[in-house]
Each structure stands twice: as structure tokens, then as C-alpha cells.
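Just below is one structure, and these are the notes that go with it.
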Amino acid sequence: MKASPEGVLTGVHFMDGDHAACEGAIAAGCRFVAGYPITPSTEVVERFSVRIPTVGGMFIQMEDEIASSIAIQGAAWGGAKVMTVTSGPGLSLMMEHIGLAVMAEVPCVIVDVQRGGPSTGLPTLPAQADMMQVKWGSHGDYQIIALSPNSPQECFDLMIRAFNLSETWRCPVFMMMDEVVGHMVERVEIPPADQIEIVPRRWTTKKPSEYRAFEPGPDMVPDMAKAGDGYKLHITGLTHDERGYPAMNVPAQNRLVRRLSDKILKNRDKIVDVREDGCEDADIIVVSYGITSRVAGAAVEMARGLGLKVGSARMVVCWPFPDVEIARLSRKAKAIVVPELNLGQMVGEVERAACGDARVYLVDHAGGSVHEPERILETILQAARDAGLGFKTEAERS
Amino acid sequence: MESVKLPAKFALKNGVEVLVRDMVRADEPAVFEFFRLLPLEDRHFLRNDVTDPIRVHNFMIDDTHDRVRAVVAELDGRIVASAEIDRNHFGSMTHIGQLRVIIARELQHQGLGTILSRLLIADGVNAGIEKVLAETSTENKAAMLALEKMRFRKEATLKLHVKDLAGRKHDLAVYSYDVSHIWDKMEALVADYSPMREY
Amino acid sequence: MSRSEIRVGGLGGQGVILCGTIIGKAASIYDHKHSGMIQSFGPEARGSSCSAQVILSDEVIGYPYVRNLDVLVAMSNDACHKFLPELKKDGVLLYEEELVSFPEGTRPAKAWGIPATRFAEELGRKLVLNIVMVGFFAGVTGLVSRQAAEAAVRDSVPAGTEGLNLKAFARGYEYGRELVGGAA
Ligand SMILES: CC(C)(COP(=O)(O)OP(=O)(O)OC[C@H]1O[C@@H](n2cnc3c(N)ncnc32)[C@H](O)[C@@H]1OP(=O)(O)O)[C@@H](O)C(=O)NCCC(=O)NCCS
């Protein structure tokens, strides 16, 4: 299905990632946002609150993030495509309801413009330190999807993908932005609506008498019915059967919780997105995501200038983790370098997938800025020395 | 509101096309002729006796900075309308513009007054004017309606302020059009507080 | 690879960010280069020091911040002296001449001043001082073309204010061209 032209700001803009993310949401068909503004994500909802009345949607500024994260779920069952927007401290408050969205299979997008933490940390400065929180923050076993844009343009593009993924797989989808991507202003091209592919809500075609709210289709995902359309809906956070009624026993738990995970993991090929550059014959591969991938790009260029075969692999989708892809890369390369704006989060997943085939190096950062490309280069050179690879020195090069 | 590039042709409601251009010194004889042919009732509320060539000359050379722009409309080589917007160049009222428009009888109520006013207001805004004033006797219903249609608001009435030809007194209505909201947006843009927005 | 790093600094309320935005927009949308703008701001920014970093490049921009400052545009004394140490050796300083002063012998070699606030006031509105600076930047450095910058001014300022803003741009541009000895 194509996007509705209503609200699509087709054209070339010079805007920051927060604003572009908002436009992406509107283009994707998002018509309801509940939020509690927090730096550095405020501009997303600020813009939404101004723009959305013109296309017939709604923004509610809630009393807090707990309320925001549940209000969107009500609106989703009412038929709207929904989103909430926050940053670390707000995300922490949302955790309980994220679990509910997983359990009740509520399509929703949660934007996290990451800032330095823990706690209130660095409100106006970047980090990528919520990567594990979005995966594991709510209790219980579950899978979610997380995307990691590295530019304002991608804030727009991936926002559309985020909505499409949430509608397809009926789970919370996270847009893992960061303060730099959110506030950096760049060229953003918004295509005409008829070039934007949109996944509509999976409404059931069954009659109310035949409909079972949590009966999965062949892709393991159940179709939805709109509250108020004559269907009987029972939506609960308790373990439930296919009708949605509480069924608190071992077989029901096994069936439901496994399906919630499997619908993501077994469909992972349709979800993961790793962008590889020069990895075919690389000795060292830099695996990165989000804003760090841009800085990593500068370091990779420098290392190539010194005669090293360095590839780069960017995880556009961080969850589900692209383990198959990383395993393949690590069998070919001697070392993998992982820069991230935290003290080591996704690097653990990379190590798990690499399984000892390639040595994994972390380039950490406590947050508040981005890496200096030289720091990433240093680690690439260290990895090269450890692997016995020769390279020119900076002096030889110039 | 970008300034209209002049000269430019405008088609009026009756199909007549007039040429609107900046008023220049060489227009003096033609402007004099235009004023001379105005009916007494229309001339009566002007500031000057425009049948006096010296007065008209003074009006023409008033190219001090006070005048933001003066334009005329031309039809078959004749001047058929004159309009200007003035401001104080100094002091507490530099942001106020004064609008004056006069249209030849045979071309009144054809939209020309509105065209000229809009054009001059845009110039005023571009010169930093925040509020445009126009005055008219309350007897002059056409002028009042024309101003109201352009979203001017009657801001004050000076009671029994002006005398008509017969010596009867009428109220003077002071109309204003506040354009400061246009600059409020610019003010918000330069606030440097939050990232730029372009909704 | 050609990369130019610019910092615009001044007081909140002077239109520092708008100035940086227009430069970036001119380059990326109208001159078809790559550009990125990042503003440094805190919750307390109104009235206090603030700045924007603009990177212009022929290639995709990796590192988004200023590392080797080519041009400093200073609209206040504080901003000028705060960021001057960051300016590279042969970097260009553009400053608001009536707001910035230099202790004996500290004025960099390539420094060009403009009474931008006065020009803006003469044109009718102090508010457009940042647009005078955009013009001055384009005129002196040539890093964005006049056409591109004018187009960027036109679509960055509120409807109704284009005329005065374009005049402000022209004023700064021509003043800059004259200073560096180019034809306006
Ligand atoms: C007042 C004056 C400037 C208006 O200019 P104009 O070109 O005649 O007016 P427009 O055609 O633009 O008309 C705008 C509105 O004014 C009203 N209007 C204009 N002439 C009118 C008339 N003769 N009778 C009733 N209403 C009239 C109408 O509401 C009209 O809208 P409409 O065309 O939708 O009916 C012009 O009539 C004039 O020069 N009058 C003599 C001088 C004068 O009084 N100047 C006013 C000092 S600012």
C-alpha cells in the first residue's frame, strides 16, 4: 500500500533528525502520539503536536512516560498507528508497558533519542547506552525490533520501516536515535507519497463469530480486530490462550512465549539489515551502528590509506541481532573492531556470534560526544599488529 | 510578502488593464492633472490643495526617507491612481506606516485600491514596518469597507473631527493593520533556543 | 577531499543558529554539496553564549563536529574570544565589528569586520543582523554561492519578511566582496 499523500512533506529539506523522524512517522501513517517531552527528543513531539492536527490526528502530552506508553496502546487497539518518543530516563519508566505491548502484540513505535546516562546523566549529549535496555529492560523472555539510524535522512526512512515492521510483526519497534543524529541538521529528501510503501494494519477478514484474537497466521502473527467493531476482544498481560483469555498453565505459557520470540527470530531474515562495505577480502572489519558508524567510516578510510584491508559492516537493525551475518564475517576476517558510545554493549553480542573465529575489539566511550576517528584507528592498528598484519606508518604515508 | 516587481500590469474587474509603476519626478505634470480632475469630494480630505502646482511639486519631491514607496497607476498614458506609504524615520514611531490611496472616479470599485494597498503594505513589511495606519472620514463608506476587507481594524474614532464640504462635522476613523505577527515569527527563529523549525 | 569547517558564535537571540542553518542549507540544497549543522545548546541557552558548527564537504560527512576550524563567524565578543583558539592558523575570522574588540596585537591575520547590527538597524530591523552575516560570509569566503545563499535565505525566513532579509543579505554580501576586493 502507498502512503496517503496527506501530510507527506514531499521535497528537499534541511532538517534535524528529530524533525525528520516526526515527518517519517506522519508519512508512515502515524496518527496518534502520546508523550512526555524530554531532551533530546522533545523536537519530535513538538513538531508532531503542530503538524498532526492538519492531517487529522492527535497528540496528547501525558502526565509522564508511564501514561504515554499505555495511552498509545489504547489508541492502537482503537485502530491508530501509534508512537511515543522519549530518552533514557523516560524509557526506564516505560519498561512495564513495553512488556505489555510485547505480550498483547500491540503494534507501536518507540523512539529513544539516546543521551548520556545512567539516571538523568547528560540531557543534551549523545550516547548509545540504551541498546541492552530496549532488548532486556522489561521482565520475562521476549524479542523486539530495534533500528539504528545514522543521519536525519535515515531518521525519516527508517521511521517508515519501523512502522511497517511493527504492523507486520505486531511488536514494539524501537528507533534507537541519539542526541547527535537527533539534533544534527542535514539534507533530508522526502519522496512523493506514491513512492512510500506502507504496511497497513493487519485487520482480520473473519466474521466476529469466527475470530480468535490471538490465533496466529502462517507467519506466526495473529490478525487484529478494531475495538468497537463488534468483535469480542480480551486483551491481557497475563499468559493467554488464542481467544485472549488468561490461561495460566505450563503449556499455554510455552506456546505463547515461544511464539512471541519465534515470530521475530524465525522471520529474522526479513528483518535484519547489515550494510557491508569492502568486507569481501577484509582482514579487519569494523562493526558499528548509528552515529558511530559515520565516525567509523572516517577511521576505516584512514586505515585503508595505511594499506590495511579494512571492511565496514553497519547494523541498521540491531535487534534481532544479525548473528548469522556477524558469524559469516568473523569466519573471513582476522579481527572485528566494535566502536560504540557505551562501555561495551553490542560488542558482547558480536563476541557471541563471532564465537572465537575472529578476535573482537571494543572501542568504548562513556558518552557525551562521539569517538575521535583516531581512537577507532588506533584500535584497528592494534588489531592489525596482534594479527601480524603489516601497514604503513602515518609518516610513510605522507 | 515579497515586494512586487514594478512596473507590472494588473487587470481590473471591469477588464481594463492598468500599468502600476513607481512614481517618478517626471510624473509631476501628469500627477497634477490627475489631482486636478478629482471631484471636489475626493480632494477634500487630502492633506494638500492639490490644485496648487506648488503643493503638488512639494508632494512630488518629498523623497526624504519618510516615504517608503509611492506608486501610480497609468491608463492610456494618463495617471488614474496614486498611492503611497510613509513612515517616520526617527523616534518612537519608525515601525508605523501611513497608507494613502486615491483612485480616479471612473476606476473606483474595480479592485485597484486593494491592489495598490496590498503592494504597498508588502513593501512596508519589508522595510520593517509593523503596523499600517489609514484614516478616513466615517462618511466615506467605500473607504471604510475597502479597509475592512483588507483586514484593517478600526482602532480609534476622533469624534466630529473633520468637516465636509458643507461644513458638517464627521467622525474620523483611524484604521490599523498590525503586521507584527509576521516579524514575531522571525523573532522566534532567531531565538537560538531550540533547533530551527520549518513546519 | 575538500572539507570546510565553520563555527558561528554569538549570543542567544542573535540568530546564530539561523545563520548556520542558512549556510548549511545553501550548500546542501542549492549548491549540491554535503553539509551538516550542529548547534551547541543547553537548556539555559536563551541570552547566553551559543554556537553552531557547520561542515561543508564534497563527500559524505563522517565526523560531524568541528576539528580544524576554517572559518569563525563571531557575532559577540565572548563568542569571538571563546572560539578563536579553535581557529586554525590561516583560518578566516568574520566578526561583528562594533561588538568585538581585540587586545593589542591579537587580531588574527585574516580577519574581516562588519558593522552588521548597524546595517540591520539601518535596513529597518536589528533582527536581520544574522542575515547580514550570512551575506558577509558568502561574500568574503565564497564557500556558498550567492544564488544558493539567497535561495536558502528566501526559504528559511517567515513569509512576509523575505524582502528585508534579502536586502540584509545583499548588504552583507556586497560589503564582504568589497573588503576582499572582488566585484560585488
Ligand atoms: C477608497 C478607495 C481608495 C478604494 O479603492 P477602490 O479601488 O475603489 O476599492 P476596491 O475596488 O479595491 O474595493 C474594495 C472594497 O471596498 C468597497 N468599495 C469600494 N468602492 C465602493 C463603493 N463605491 N461603494 C461601496 N463599496 C465600495 C467594497 O466593499 C469593495 O469590495 P468589493 O469589490 O468586493 O465590493 C477609492 O474608492 C478612492 O480612491 N476613494 C477616494 C479617496 C479616498 O477616500 N481615499 C481613502 C483614503 S485611505
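The values are calculated or read from the model by the stated rules, or taken from the named source; none is laboratory data. Computed from a predicted model, the values in this text were never measured in an experiment. No Cβ is skipped: glycine too gets one built from the backbone with ideal geometry, and neighbour counts run over all protein chains shown.
Just to be sure before I move on: is B:VAL101 within 22 Å of B:VAL4 (Cβ to Cβ), near the ligand (Cβ under 7 Å from one of its atoms) and of a type in the set (A, V, I, L, M, F, W, C) in the structure I sent? Yes, satisfied. When you go through B:ILE103, B:ILE129, B:ILE121 one by one, which is the residue that is under 28 Å from B:LEU19 (Cβ atoms) and either more than 14 Å from every other protein chain (Cβ to nearest Cβ) or among the hydroxyl-bearing types (Ser, Thr, Tyr) (or both)? Result: B:ILE103 is the single residue among B:ILE103, B:ILE129, B:ILE121 that is under 28 Å from B:LEU19 (Cβ atoms) and either more than 14 Å from every other protein chain (Cβ to nearest Cβ) or among the hydroxyl-bearing types (Ser, Thr, Tyr) (or both). Within the range C:144-173, the only residue that satisfies the criterion of being charged (D, E, K, R) and at the interface with chain B (Cβ under 7 Å from one of its Cβ atoms) is C:GLU162. So, A:VAL316, is that one more than 16 Å from C:ILE61 (Cα to Cα), surrounded by fewer than 24 Cβ atoms within 10 Å (Cβ to Cβ), at pLDDT 95 or above and away from chain C (no Cβ under 14 Å) or not? Yes; evaluated as a whole, the condition is true for this residue.
One residue stands out in the range B:26-50 among those that are more than 16 Å from the ligand (Cβ to nearest atom) and touching a helix residue (DSSP H, G or I) at 6+ places or on another chain (Cβ under 6 Å): the one that is farthest from the other protein chains (Cβ to nearest Cβ), namely B:PHE32. Among residues that are away from every other protein chain (no Cβ under 14 Å) and either in contact with a Cys (Cβ under 7 Å, 6 or more places away or on another chain) or closer than 30 Å to A:VAL113 by Cβ (or both), A:ILE264 is included. If you go through the range C:102-117 and keep only what is within 14 Å of another protein chain (Cβ to nearest Cβ) and either in contact (Cβ under 8 Å) with a residue 24 or more places away in the chain or over 15 Å from the mean Cα position of the chain (by Cα) (or both), you end up with just C:ALA116. Looking across A:LEU306, A:LEU341, A:LEU362, A:LEU329, one residue alone is surrounded by fewer than 22 Cβ atoms within 10 Å (Cβ to Cβ) and closer than 23 Å to A:MET132 by Cα. It is A:LEU362. Scanning the range C:93-112 for residues that are within 24 Å of C:LEU143 (Cα to Cα) and either in contact with a Leu (Cβ under 6 Å, 6 or more places away or on another chain) or not hydrophobic (A, V, I, L, M, F, W, C) (or both) returns C:LEU93, C:TYR95, C:GLU96, C:GLU97, C:ARG107, C:PRO108, C:LYS110, C:ALA111, C:TRP112. Taken over the range A:279-307, the criterion of being more than 14 Å from every other protein chain (Cβ to nearest Cβ), farther than 22 Å from A:THR393 by Cβ and not charged (D, E, K, R) is satisfied by A:CYS279, A:ILE285, A:VAL287, A:TYR289.
Of the residues making up the range B:80-88, not a single one is in contact with a Lys or Arg (Cβ under 6 Å, 6 or more places away or on another chain) and more than 13 Å from the ligand (Cβ to nearest atom). Residue check: is A:ALA25 small (Gly, Ala, Ser), crowded, with 24+ Cβ neighbours inside 10 Å and at negative phi? Here the answer is yes, as A:ALA25 does meet what is asked. The single residue among A:VAL181, A:VAL173 that is over 24 Å from A:MET1 (Cβ atoms), in contact (Cβ under 8 Å) with a residue 12 or more places away in the chain, crowded, with 24+ Cβ neighbours inside 10 Å and not small (Gly, Ala, Ser) turns out to be A:VAL181. Among all residues of the range C:81-91, there is at least one that is assigned to a strand (DSSP E or B), more than 14 Å from chain A (Cβ to nearest Cβ) and of a type in the set (A, V, I, L, M, F, W, C). Restricting attention to the range B:152-161, which residues are more than 12 Å from the ligand (Cβ to nearest atom) and not hydroxyl-bearing (Ser, Thr, Tyr)? Residues satisfying the conditions are B:ARG153, B:LYS154, B:GLU155, B:ALA156, B:LEU158, B:LYS159, B:LEU160, B:HIS161.
Scanning the range B:122-146 for residues that are within 12 Å of the ligand (Cβ to nearest atom) and under 22 Å from B:ASP66 (Cβ atoms) yields B:VAL132, B:LEU133, B:ALA134, B:GLU135, B:THR136. In the range C:12-35, of all residues being at the interface with chain B (Cβ under 8 Å from one of its Cβ atoms) and surrounded by fewer than 24 Cβ atoms within 10 Å (Cβ to Cβ), the one that is nearest to A:GLY305 (Cα to Cα) corresponds to C:GLY12. When residues in the range A:229-275 are screened for being assigned to a helix (DSSP H, G or I) and over 15 Å from A:CYS171 (Cβ atoms), 7 of them pass.
Candidates in the range A:136-180 are the residues that are in contact with a Pro (Cβ under 7 Å, 6 or more places away or on another chain) and among the acidic types (Asp, Glu); of these, the one that is farthest from C:SER35 (Cα to Cα) is A:GLU167.
Looking at A:VAL45, is it hydrophobic (A, V, I, L, M, F, W, C), touching a helix residue (DSSP H, G or I) at 6+ places or on another chain (Cβ under 7 Å) and modelled with pLDDT of 95 or more? For A:VAL45, the condition - hydrophobic (A, V, I, L, M, F, W, C), touching a helix residue (DSSP H, G or I) at 6+ places or on another chain (Cβ under 7 Å) and modelled with pLDDT of 95 or more - is not met. C:PHE137 meets the conditions (1) more than 24 Å from C:ASP58 (Cβ to Cβ); (2) of a type outside the set (Gly, Ala, Ser); (3) more than 14 Å from chain B (Cβ to nearest Cβ) in every case but one. The failed one is (1). Just one of the numbered conditions (1) farther than 23 Å from A:PRO126 by Cα; (2) of a type outside the set (D, E, K, R); (3) within 14 Å of chain C (Cβ to nearest Cβ) is not true of A:LEU256: (3).
Residue check: is B:ASN58 on the phi < 0 side of the Ramachandran plot, polar (S, T, N, Q) and surrounded by fewer than 13 Cβ atoms within 10 Å (Cβ to Cβ)? In short, yes.
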